[in-house]
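Asks: Structure incoming, see below.
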Amino acid sequence: MEGESSLGYAMNASEPPTTLFCLGGQPAPPDARFDVAEVALLPPSARNDFWPLLERALAESPDPKLDALVERFAEAHGAPPARVARVLRICRLLLREAAKRRVTADQFGLDLTLLDTEGTRAVHEVLIPRYEEVQVALRRELLYAALTDHGDLLTRVDWRVDMMKQSQRGHDLETGVVWVTFHYARGQHHDRVTMQVLPDMIEELQRMCAEVLG
């Protein structure tokens, strides 16, 4: 798209700065108000269907097929691909920066009003309804990334219960055994380890959970 990825951000020093909560009180990128104005120029169908495309772009490492998705979305809704890309990148920028600073919905709405110089409120209609939901997901991503920068992070637990009856080491053992698989992340790498857990250790884990959650 004009020689850059769909998430590239062009800078234009001709516009005066606007400071935003989501940027920690720093000036908005010079092109931000132009890109926000582009939201109102998207066809209504494109604005209504925009979230699935935006979700593909919101992650720290966006979908590698994003440029192709932008092209298909633009064609489906009769919009210029460059316009869709500009709207996508300004929405991504504002939402991710807001998550870094735990910006409230009210503060974010004020930021959008400052950027929406035409007063169309089209950008509000696109972003505000799902703002809280998306912020929870982005904050979780930021937390996971901050933790995995420094070590392994447990991300999921699977389990099942079997009955241990006998082996070559002994008969009539008749003991319940819990198989627990711990899924964990190490940076961008994901792995898992499976352990057998006896009832006394399950009780120990239960005590630990009760104490931590209490």
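The values are calculated or read from the model by the stated rules, or taken from the named source; none is laboratory data. Bear in mind that the values here come from a model prediction, so they are computed numbers and not experimental data. Every residue, glycine as well, gets a Cβ built from its backbone with ideal geometry; the counts of neighbours run over all protein chains shown. Just so you know, the surface numbers come from the protein's heavy atoms only, side chains and all, with ligands and any DNA or RNA stripped out. Shrake-Rupley method; radii C 1.70, N 1.55, O 1.52, S 1.80 Å.
Asks: If one computes the Cα centroid of region 16-83 and of region 128-167, what distance in Å separates the two points?
Replies: 29 Å
Asks: Projecting each Cα onto the charge dipole of region 88-170 (Lys/Arg +1, Asp/Glu -1 at the beta carbon, about the Cα centre), which of VAL103, VAL161, HIS124 comes out farthest on the positive side?
Replies: Of VAL103, VAL161, HIS124, it is VAL161.
Asks: Mean Kyte-Doolittle hydropathy of 0.0 or higher plus an axial Cα length of 27 Å or more: which whole DSSP H helices in the chain meet both?
Replies: Numbers: long enough: 81-100 (29 Å, 0.32).
Those that clear 27 Å and a mean of 0.0 are 81-100.
Asks: How would you rank 184-194, 168-178, highest first, on the average number of other Cβ atoms within 10 Å across their residues?
Replies: Listed from highest to lowest mean packing, they are 184-194, 168-178.
Asks: Can you list the residues of region 84-98 with backbone N under 18 Å from a point 7 Å past the Cα of LEU114, pointing along Cα to Cβ?
Replies: So the set is 90-98.
Asks: Per residue of the chain, what 222 nm ellipticity follows from adding -39500 (n - 2.57) for every DSSP H run with n ≥ 4, rounded to the nearest 500?
Replies: Helix-only estimate at 222 nm: -15500 deg cm²/dmol.
Asks: Keeping all protein chains in place, calculate the accessible area per residue for region 68-214 (probe 1.4 angstrom), answer in Å².
Replies: 66 Å²
Asks: If I model a spin label as a point 7 Å beyond the Cα along the Cα-Cβ vector, how far apart are those points for GLU211 and GLU125 in nm?
Replies: Spacing of the two 7 Å Cα→Cβ label points: 5.6 nm.
Asks: Using 0.36 nm times the number of residues separating TRP159 and GLU132, minus their current alpha carbon distance, what extension gain do you get?
Replies: Numbers: separation 27, 0.36 × 27 = 9.72 nm, distance 3.23 nm.
Going from the current span to full extension adds 6.5 nm.
Asks: Would any residue of region 110-139 have its amide N under 20 Å from a label point 7 Å out along Cα→Cβ of ALA146? List them or say none.
Replies: Only 132-139 pass the distance filter.
Asks: (1) 7, 25, 26, 15, 12, 9, 5, 2, 0; (2) 8, 31, 30, 15, 7, 4, 3, 2, 0; (3) 7, 29, 32, 21, 9, 2, 0: which one is P(r) over Cα pairs in 10 Å bins from 0, in percent as calculated from this entry?
Replies: (1)
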